[in-house]
Amino acid sequence: MEGFVIEGGTPLTGRVRVQGAKNAALPILAATVLAAGTYEIHDVPQLTDIDAMCRILQSLGAKVERTGHRVTVDTIGLNQTHIPDELMSRIRSSIFLMGPLLARLGKVTISRPGGCAIGKRPINLHLKGLACLGVEVAEEGDIIACSAPELKGAEITLDFPSVGATENIMMAAVCATGETVITNAAREPEIVDLAAFLNKMGARVQGAGESTIVIQGVPKVQATNHSVMPDRIVAGTLIIAAGATGGEVELDNVVPEHLESVIESLRQTGLAIETAERGLRVQAERKLTGIPHIVTTPYPGFPTDMQPQMLALLTLCEGTSRVTEKIFDSRLKHVEELKKMGAEIRLEGDTVTVHGIRRLTGAHVCATDLRAGAALVIAALNAQGRSVVAGVEHIDRGYERLDEVIAQLGGQIHRVALKKQ
Ligand code: EPZ
């Protein structure tokens, strides 16, 4: 097990480039199953979740080569329809392979992906959407066997704008017979990036990024190349880290429009954020003040993936703030850890009330999921004295060498091996 040792108090200053988006790269890698051929995917972040996706593709018969941030996938020899249980349980995004495998081979068998630290994470919306396209779904215990001799376009309305379900249905529908309309689709920018990739493959996807997506089925699609969009959550995390340490940071490879709700909230606290076309600059000019109430909602609302990091900042903002987590049923475990650092914070149901204090105090804390881990790193960078953040394996799932990025900005952080607890 590894941890980060952090000496708080150094303002982050300097300039870094933000990594490619994990949550765009994962479905795009899954989409390479759709057509036999060789794909070059660029700006893929080096993360353990990406490692796991590449291993899944290899277990299905694809060849995968990685050189830095470029992943070359050859799916000509892909011929397996069962995703190994060990790999299914490792990453939630293994579920994204259902649509492409059904489209390519007409079959897929998976074990139900586990819940995780942030909630139960059912897959009913995925299965319901695929069934609308003519997929036969047989559930026996934890095994889900799906088959689709032919995929037919359909009108599908999602009960909730699920990101993964929208992506799975999109990929299953690109070669279905006829037109598919997804209503109440998720609008996240990662879905727009996936649709751009699918259209480069020859698909006909319109409306990605809006609540209604229309897909005209095409007879076949072919391999192509793509460069993954910037990671808006990593960018938001670094902006908040700069704010929490009273620093001044420039970020390259950012699309500010993807962070509109986050930037608007951060400006409310008093953070000075200047945006440019593909970058931004953040400066903590004065004492920060709290925000009456933030509620996480689907894009373009305030993203759940930024809730823990925002909460860490609000523990330092003058006055009283409230944060309500509406997307996941168990994504507030970092509250207890922030309390260990002296945060004046109270959890009631899905809402956290926090009274800002001037400075946190270093402590030994534990990451429960990747964004909670990032929040604890932010808190530790502000705190008086030394902190140890355990559970860094969670952080490595979504942040490429976060310790090195922060050290590059002057943060006092280094990675250590921790004795098993
Ligand atoms: C994606 O997860 C992201 N992961 C998550 O990022 C992100 O938090 C989430 O979207 C919301 O934005 C990837 O893209 C790999 P959902 P996903 O389906 O697709 C419920 C991170 O930190 N739901 O939009 O799994 C679900 O339980 C990760 O990078 C159902 O009820 O999220 C949740 O409450 C964490 N039935 C809500 O919808 C379903 O069939 C949102 O889930 C599917 C989802």
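Would you tally the residues in segment 192-224 being of a type in the set (Asp, Glu) and closer than 16 Å to ILE169 by Cβ?
Looking only at that region, the number is 1.
Considering only segment 105-117, state which residues are in a strand (DSSP E or B) and either surrounded by fewer than 17 Cβ atoms within 10 Å (Cβ to Cβ) or in contact with a strand residue (DSSP E or B) (Cβ under 8 Å, 6 or more places away or on another chain) (or both). Give the steps one after another, and end with the answer.
Filtering segment 105-117 down to residues in a strand (DSSP E or B) leaves 107-111, 116.
Those that are in a strand (DSSP E or B) and either surrounded by fewer than 17 Cβ atoms within 10 Å (Cβ to Cβ) or in contact with a strand residue (DSSP E or B) (Cβ under 8 Å, 6 or more places away or on another chain) (or both): LYS107, VAL108, THR109, ILE110, SER111.
Scan segment 302-326 and report the pairs whose first residue is under 22 Å from VAL234 (Cβ atoms) and of a type in the set (Phe, Trp, Tyr) and whose second residue is modelled with pLDDT of 95 or more and not in a helix (DSSP H, G or I), with Cβ atoms within less than 7 Å and a gap of 6+ or a chain change.
Every condition considered, the pairs that remain are PHE302/ILE294; PHE302/VAL295; PHE302/THR296.
Just for strands (runs of 3 or more DSSP E) wholly inside segment 118-203: which have at least 3 residues that are within 24 Å of ILE41 (Cβ to Cβ)?
Numbers: elements: 136-140, 143-147, 155-157, 179-183.
Correct list: empty, since no element meets the threshold.
Among THR177, THR166, which is away from the ligand (no atom under 12 Å from the Cβ), modelled with pLDDT of 95 or more and either of a type in the set (A, V, I, L, M, F, W, C) or under 21 Å from VAL205 (Cβ atoms) (or both)?
Values: THR166 fails: away from the ligand (no atom under 12 Å from the Cβ).
Checking each option against the conditions leaves just THR177.
Inside segment 326-361, can you point out the residues that are surrounded by fewer than 23 Cβ atoms within 10 Å (Cβ to Cβ), modelled with pLDDT of 95 or more and of a type in the set (Gly, Ala, Ser)?
GLY342, GLY349, GLY356
Would you say THR10 is free of Cβ contacts under 8 Å to residues at least 60 places away in the same chain, within 23 Å of ARG401 (Cβ to Cβ) and of a type in the set (Val, Ile, Thr)?
On the way: free of Cβ contacts under 8 Å to residues at least 60 places away in the same chain: no; within 23 Å of ARG401 (Cβ to Cβ): yes; of a type in the set (Val, Ile, Thr): yes.
Answer is no for this residue.
Give ALA172, ALA186, ALA176 a once-over and let me know the one that is closer than 30 Å to VAL335 by Cα, buried (at least 20 other Cβ atoms within 10 Å of the Cβ) and of a type in the set (A, V, I, L, M, F, W, C). Give the derivation first.
Details: ALA172 fails: closer than 30 Å to VAL335 by Cα; ALA176 fails: closer than 30 Å to VAL335 by Cα.
Of ALA172, ALA186, ALA176, the one residue that is closer than 30 Å to VAL335 by Cα, buried (at least 20 other Cβ atoms within 10 Å of the Cβ) and of a type in the set (A, V, I, L, M, F, W, C) is ALA186.
Any residue in segment 247-258 that's touching a residue at least 12 places away in the same chain (Cβ under 8 Å): show its pairings with residues that are assigned to a strand (DSSP E or B) and among the hydroxyl-bearing types (Ser, Thr, Tyr) at Cβ separation under 6 Å, as long as the two are six or more apart or on different chains.
Partner pairs satisfying both residue conditions: GLY247/THR13; GLU248/THR13; PRO256/THR275.
Which condition breaks for GLU40 when tested against (1) farther than 19 Å from ASP305 by Cβ; (2) assigned to a helix (DSSP H, G or I); (3) within 22 Å of the chain's Cα centre (by Cα)?
(2)
Of all residues in segment 68-90, which are out of contact with any helix residue (DSSP H, G or I) (no Cβ under 8 Å at 6 or more places or on another chain), part of a strand (DSSP E or B) and under 20 Å from ARG401 (Cβ atoms)?
Applying the first criterion (out of contact with any helix residue (DSSP H, G or I) (no Cβ under 8 Å at 6 or more places or on another chain)) to segment 68-90 yields 68-70, 72, 74, 76-77, 82, 85-86, 89.
Filter again for part of a strand (DSSP E or B), leaving 70, 72, 74, 82.
ARG70 - this is the single residue of segment 68-90 that is out of contact with any helix residue (DSSP H, G or I) (no Cβ under 8 Å at 6 or more places or on another chain), part of a strand (DSSP E or B) and under 20 Å from ARG401 (Cβ atoms).
Is it the case that segment 272-291 has a residue that's within 15 Å of the ligand (Cβ to nearest atom) and surrounded by 19 or more Cβ atoms within 10 Å (Cβ to Cβ)? It would help to see each step written out before you state the result.
To start, the set of residues in segment 272-291 that are within 15 Å of the ligand (Cβ to nearest atom) comprises none.
Looking through segment 272-291, none of the residues is within 15 Å of the ligand (Cβ to nearest atom) and surrounded by 19 or more Cβ atoms within 10 Å (Cβ to Cβ).
How about segment 50-67: which of its residues are basic (Lys, Arg) and either part of a strand (DSSP E or B) or within 14 Å of ALA31 (Cβ to Cβ) (or both)? Let's see the steps before the verdict.
Initially, segment 50-67 is screened for residues basic (Lys, Arg), giving 55, 63, 66.
If the condition is that a residue be basic (Lys, Arg) and either part of a strand (DSSP E or B) or within 14 Å of ALA31 (Cβ to Cβ) (or both), then LYS63, ARG66 are the ones that fit.
The values are calculated or read from the model by the stated rules, or taken from the named source; none is laboratory data. Model, not experiment: these values are computed from the prediction. Quick reminder, even Gly has a Cβ in these numbers, built from the backbone with ideal geometry, and neighbours come from all protein chains shown.
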